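Structure, as structure tokens:
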Amino acid sequence: MSTESTPALRQGAAGVESTESDGPAPAGPSARGPRSRTTAAYARYAAGKLAGAAVSLFAVLVTSFFLFRLIPGDPVKQMTGGRQVSTEQIASMRREFGLDLPLWQQFTQYCGKALTGDFGTSYQFRAPVIDKITEALPATLLLTGTAFAIYTLLGIWLGARSAWRNGSAGDRANTAFALTLYSVPSFWLGLLLIITLSVGIGPVPGLFPTGGMESGNTEGFDRVLDIAHHMVLPVLTLVAVEYARTLLVMRSSLLDEMGSDYLTTARAKGLRDDLVRRRHAVPNAMLPTVTLLFVNLGTTVAGAILVETVFSWPGLGGLFYQALSVPDLPLVQALFFVFAAAVILMNTLADVIYPLLDPRVGR
């Protein structure tokens, strides 16, 4: 061994000895492993999404106040119903509902109370707005929740089958039918179903009620059947319009996955084509569909305003239509905020959950 290399070896040995004698190196930023770095990145990503949702909610709160004040009409005069009312009575009603205050003062009071969950008193019903929303919410969740479950399962199943048999007669028929229904306005389809299946055409009698949630003269299990009978047409309208979007997204996602190498490997291992689709292709193709499902959940809480109005369903959509006709400003503002908040929160939840399903997102 040369004399030049000996000092270097001695220095290296001394370095090893000093490291062993000094104990473990102090922990620092460089000592963090990949898992802690990934957790920190995800925390920053989630915090950014939650902050963006908070800003969006405040923007909706501001918009809901000013937007509906552009609607022509005087709420006080609408509430009097055209009756002869003295000037003193009109002034008293304006003071009662705070309409005599300057606009900036109305806005500050509205924002302050809304942050505590107090959206004021309805002009039309003379009841707290939050109570009216609570009363109508179960009917909306029953209707749109049932439709959501049906069109989600139907859209995913048909979309996966269509993509796996891309180009077949069934695929072309499913896609054409879905595109047709997707382009149909929900209120027009609802009216068409009422004409054909409620009123009846020619010798074909009406099979379902034209509107409402129940007949009002049933109890127990008969009441459940009566409500289900009233739900058929509005649920069918929502499913027909909404399943098409789920089908098209699922079909497109699965078509993108079908050329992947891991599917070729799965087939090479001898797996049946049906197992390759169910166990490998569909779970990976579900990622874009998950985002759509969360968006649909937000609109489920918001309700289907047009469908509920057409079928006289006593939910949030029908309540919004009634409030808008006055205009009942506290009720309209609160419903608008609830609708928008549901969509924002569901979108935020989808953004937060998505990196857990696909680690590439949020890094």
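Values as computed for the structure displayed
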{"item": "Count of residues meeting criterion [touching a Phe, Trp or Tyr at 6+ places or on another chain (Cβ under 9 Å), more than 15 Å from F336 (Cα to Cα) and open to solvent by less than 60 Å² (accessible area, probe 1.4 Å)] in region 100-120", "result": "2"}
{"item": "Index of the failed condition, Y243 passing every other in (1) open to solvent by less than 20 Å² (accessible area, probe 1.4 Å); (2) at pLDDT 90 or above", "result": "(2)"}
{"item": "Some residue of region 335-348 being free of Cβ contacts under 8 Å to residues at least 60 places away in the same chain and among the hydroxyl-bearing types (S, T, Y)", "result": "no"}
{"item": "Some residue of region 173-189 being within 18 Å of V282 (Cα to Cα) and free of Cβ contacts under 8 Å to residues at least 12 places away in the same chain", "result": "no"}
{"item": "Meets criteria (surrounded by 15 or more Cβ atoms within 10 Å (Cβ to Cβ), in contact (Cβ under 8 Å) with a residue 60 or more places away in the chain and over 30 Å from E257 (Cβ atoms)) for G159", "result": "no"}
{"item": "Residue that is least open to solvent (accessible area, probe 1.4 Å) [pool: residues in region 246-273 that are farther than 12 Å from A160 by Cα and part of a loop (DSSP other than H, G, I, E, B)]", "result": "S260"}
{"item": "Extreme residue, nearest to the chain's Cα centre (by Cα), among residues of region 156-186 that are assigned to a helix (DSSP H, G or I) and either of a type in the set (V, I, T) or on the phi > 0 side of the Ramachandran plot (or both)", "result": "I156"}
{"item": "Out of A149, A139, sole residue that is of a type in the set (A, V, I, L, M), open to solvent by 40 Å² or more (accessible area, probe 1.4 Å), assigned to a helix (DSSP H, G or I) and at pLDDT 90 or above", "result": "A149"}
{"item": "Selection status of Y123, crowded, with 17+ Cβ neighbours inside 10 Å and over 27 Å from the mean Cα position of the chain (by Cα)", "result": "yes"}
{"item": "In region 202-240, residue nearest to L141 (Cα to Cα) [restricted to those that are open to solvent by less than 50 Å² (accessible area, probe 1.4 Å) and of a type in the set (S, T, N, Q)]", "result": "T237"}
{"item": "Residue that is nearest to N296 (Cα to Cα) [pool: residues in region 187-201 that are open to solvent by 30 Å² or more (accessible area, probe 1.4 Å) and within 26 Å of the chain's Cα centre (by Cα)]", "result": "F187"}
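The values are calculated or read from the model by the stated rules, or taken from the named source; none is laboratory data. Remember, predicted model here, so these are calculated numbers, not experimental data. Glycine gets a Cβ as well: all are built from the backbone with ideal geometry, and neighbour counts include every protein chain shown. These accessible areas exclude ligands, DNA and RNA; they are computed on the full protein's heavy atoms, side chains included. Shrake-Rupley method; radii C 1.70, N 1.55, O 1.52, S 1.80 Å.
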